[in-house]
Amino acid sequence: DQQVKQNSPSLSVQEGRISILNCDYTNSMFDYFLWYKKYPAEGPTFLISISSIKDKNEDGRFTVFLNKSAKHLSLHIVPSQPGDSAVYFCAAGGGAGSYQLTFGKGTKLSVIP
Amino acid sequence: NAGVMQNPRHLVRRRGQEARLRCSPMKGHSHVYWYRQLPEEGLKFMVYLQKENIIDESGMPKERFSAEFPKEGPSILRIQQVVRGDSAAYFCASSPPGQRIANTEAFFGQGTRLTVV
């Protein structure tokens with residue numbers, strides 16, 4: 001049972017345009033959401049997070065939106081740069097075993113110069 | 001500021017051998033988490049340890065897998081009698097005391113890629 005779903009395995013975007021990565025979750029006990037970026041043969045790197053008490057968090061080119069009623073979050077990257085090409089993982093935490101993070105399968109973003 | 005250090009980066013084992021994966025948390029971090037990533041999958045929680053204590057091992061396979069985090073030295077994830085299905089990337093993360101991993105920028109190591117031949 002996948003509690004965190006990233007339904008798009010891959011996404012291609014032109015440099016300078018907006019990249020939108022989506023994530024859905026099923027567990028209403030989740031109260032904290034994170035996005036990680038991962039390059040091949042490297043560990044995940046924290047990008048941005050959002051608490052369930054907010055609906056938006058912004059950090060430079062990266063903005064995460066949370067729609068609790070839809071159990072949906074999205075990561076917006078604008079403008080997209082070739083260096084943003086990586087696999088992006090959505091992760092959620094909270095509820096029972098709150099020290100665990102539950103990850104989606106990832107979306108591979110390719111930013112085309 | 002050294003990050004989470006994992007070694008080895010790559011490990012090849014024959015079926016039936018033992019694999020030992022090491023993780024040194026960031027300085028000042030006393031909580032360690034192990035995650036496994038199978039090919040084409042997301043990371044899956046395995047075990048959460050504090051110094052000398054296993055707090056939650058609900059994600060660990062019941063047999064052949066064990067983890068420890070001694071008072072001195074790195075955390076060790078041990079896999080006995082490895083099988084092909086154990087081939088994966090194993091990531092370690094650490095967090096400071098008093099903070100849930102989900103509330104922090106949990107820092108991950110670069111991972112150990114285990115290949116069982």
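The values are calculated or read from the model by the stated rules, or taken from the named source; none is laboratory data. The structure presented is a predicted model; accordingly, all values stated were derived computationally and were not measured. With ideal geometry, Cβ positions are generated from the backbone for all residues, glycine too; neighbour counts draw on all protein chains shown.
Applying the selection to the stretch A:58-102, what residues are among the hydrophobic types (A, V, I, L, M, F, W, C), within 16 Å of the chain's Cα centre (by Cα) and at pLDDT below 95? Let's see the steps before the verdict.
Pass one, the stretch A:58-102, residues among the hydrophobic types (A, V, I, L, M, F, W, C): A:62, A:64-66, A:70, A:73, A:75, A:77-78, A:86-87, A:89-92, A:96, A:101.
Narrowing further to those that are within 16 Å of the chain's Cα centre (by Cα): A:62, A:64-66, A:70, A:73, A:75, A:77-78, A:86-87, A:89-92, A:101.
Those that are among the hydrophobic types (A, V, I, L, M, F, W, C), within 16 Å of the chain's Cα centre (by Cα) and at pLDDT below 95: A:91, A:92, A:101.
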Sole miss for residue A:53 among (1) of a type in the set (A, V, I, L, M, F, W, C); (2) in a strand (DSSP E or B); (3) away from chain B (no Cβ under 11 Å); (4) within 30 Å of residue B:55 (Cα to Cα) is condition (2)
Over the stretch A:28-47, the set of residues out of contact with any strand residue (DSSP E or B) (no Cβ under 6 Å at 6 or more places or on another chain) and farther than 21 Å from residue A:10 by Cα is A:28, A:29, A:31
Note on the stretch B:3-59: residues crowded, with 16+ Cβ neighbours inside 10 Å and of a type in the set (A, V, I, L, M) are B:4, B:11, B:19, B:21, B:26, B:32, B:43, B:46, B:47, B:49
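Quick one: which residue in B:28, B:16, B:59 is at pLDDT below 95, part of a loop (DSSP other than H, G, I, E, B) and over 27 Å from residue A:107 (Cβ atoms)?
Numbers: B:16 fails: at pLDDT below 95; B:59 fails: over 27 Å from residue A:107 (Cβ atoms).
Exactly one residue qualifies, and that residue is B:28.
Under the condition of being hydrophobic (A, V, I, L, M, F, W, C) and out of contact with any Leu (no Cβ under 8 Å at 6 or more places or on another chain), which residue from the stretch A:1-55 is nearest to residue A:91 (Cα to Cα)?
So the first thing to find is which residues in the stretch A:1-55 are hydrophobic (A, V, I, L, M, F, W, C), and the list is A:4, A:11, A:13, A:18, A:20-21, A:23, A:29-30, A:33-35, A:41, A:46-48, A:50, A:53.
Adding the requirement that they be out of contact with any Leu (no Cβ under 8 Å at 6 or more places or on another chain) leaves A:4, A:18, A:29-30, A:41, A:53.
Numbers: A:4: 7, A:18: 21, A:29: 13, A:30: 10, A:41: 19, A:53: 17 Å.
The selected residue is A:4.
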Picked from the stretch B:73-84 (must be under 13 Å from residue B:22 (Cβ atoms) and not hydrophobic (A, V, I, L, M, F, W, C)), the residue surrounded by the most Cβ atoms within 10 Å (Cβ to Cβ) is B:75
